[in-house]
1. Looking at (1) out of contact with any helix residue (DSSP H, G or I) (no Cβ under 7 Å at 6 or more places or on another chain); (2) closer than 21 Å to residue 205 by Cβ, which is the only condition residue 151 fails?
2. State which residue is surrounded by the fewest Cβ atoms within 10 Å (Cβ to Cβ) when the search covers only the stretch 51-73 and only residues that are out of contact with any helix residue (DSSP H, G or I) (no Cβ under 7 Å at 6 or more places or on another chain) and closer than 12 Å to residue 29 by Cβ.
3. Just need a number here: residues in the stretch 16-50 that are closer than 15 Å to residue 203 by Cα, touching a strand residue (DSSP E or B) at 6+ places or on another chain (Cβ under 6 Å) and part of a loop (DSSP other than H, G, I, E, B).
4. If I filter the stretch 150-157 for residues that are buried (at least 20 other Cβ atoms within 10 Å of the Cβ) and without any contact (Cβ under 8 Å) to a residue 40 or more places away in the chain, do I get at least one hit?
5. Scan the stretch 118-134 residue by residue and report those that are over 22 Å from residue 199 (Cα atoms) and at pLDDT 90 or above.
6. If a residue counts only when it is farther than 19 Å from residue 14 by Cα, which strands (runs of 3 or more DSSP E) contained entirely in the stretch 97-207 have at least 2 such residues?
7. How many residues, within the stretch 2-50, are surrounded by fewer than 15 Cβ atoms within 10 Å (Cβ to Cβ), in contact (Cβ under 8 Å) with a residue 24 or more places away in the chain and within 29 Å of residue 166 (Cα to Cα)?
């Protein structure tokens with residue numbers, strides 16, 4: 001399955017993704033951004049590139065067509081040598097706390113769901129909590145408290161607490177999705193939360 005197939009299935013199953021279009025050339029990218037509405041983000045799509053940010057394959061907060069066309073050329077150049085599926089044009093996400101919500105199938109226990117601090121530093125901080133599926137909203141509350149970073153979610157240093165109700169619903173939905181679709185492993189990362197809700201910025205899963 002391609003990333004577009006993944007996104008399509010997630011939307012069908014009730015996951016609220018940011019508006020997106022996969023562009024195959026610069027003109028398609030410009031039309032997509034105009035349709036979605038600035039500001040937008042841009043990211044390279046290729047099965048041969050795992051860490052897009054590291055190679056310069058992600059551009060964010062693009063506010064005009066002129067900036068988009070320049071960013072398009074830079075992103076394509078960053079992926080030189082790899083087979084590209086296209087460039088994903090996506091509505092710019094809200095500002096907030098970046099989390100990862102995902103899971104995998106454990107050979108012994110079955111599906112397990114994971115919640116933690118997300119974004120590009122997820123592999124560095126490894127601040128995560130896990131539970132065997134299915135989970136309840138009460139389980140998710142406990143998972144939040146187990147995170148070292150949970151004060152950030154509660155509104156540390158004058159910040160506002162994230163919408164924990166939406167987070168609880170998302171974690172429960174991920175458990176159900178993995179079971180219903182027979183998913184081997186999945187990551188929603190980052191999912192950006194603020195006091196109002198969340199934006200799922202990127203997603204991947206495998207059967």
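1. (2)
2. Only one residue tops the list, namely 73.
3. Within the stretch 16-50, residues that are closer than 15 Å to residue 203 by Cα, touching a strand residue (DSSP E or B) at 6+ places or on another chain (Cβ under 6 Å) and part of a loop (DSSP other than H, G, I, E, B) number 2.
4. No, that holds for no residue.
5. 131, 132, 133, 134
6. In the stretch 97-207, the matching strands (runs of 3 or more DSSP E) lie at 97-106, 110-117, 128-132.
7. Counting residues in the stretch 2-50 that are surrounded by fewer than 15 Cβ atoms within 10 Å (Cβ to Cβ), in contact (Cβ under 8 Å) with a residue 24 or more places away in the chain and within 29 Å of residue 166 (Cα to Cα) gives 6.
The values are calculated or read from the model by the stated rules, or taken from the named source; none is laboratory data. Given the structure is predicted, the values throughout are model-derived calculations rather than measurements. Cβ sites come from the backbone with ideal geometry, for glycine too, and all protein chains shown count toward neighbours.
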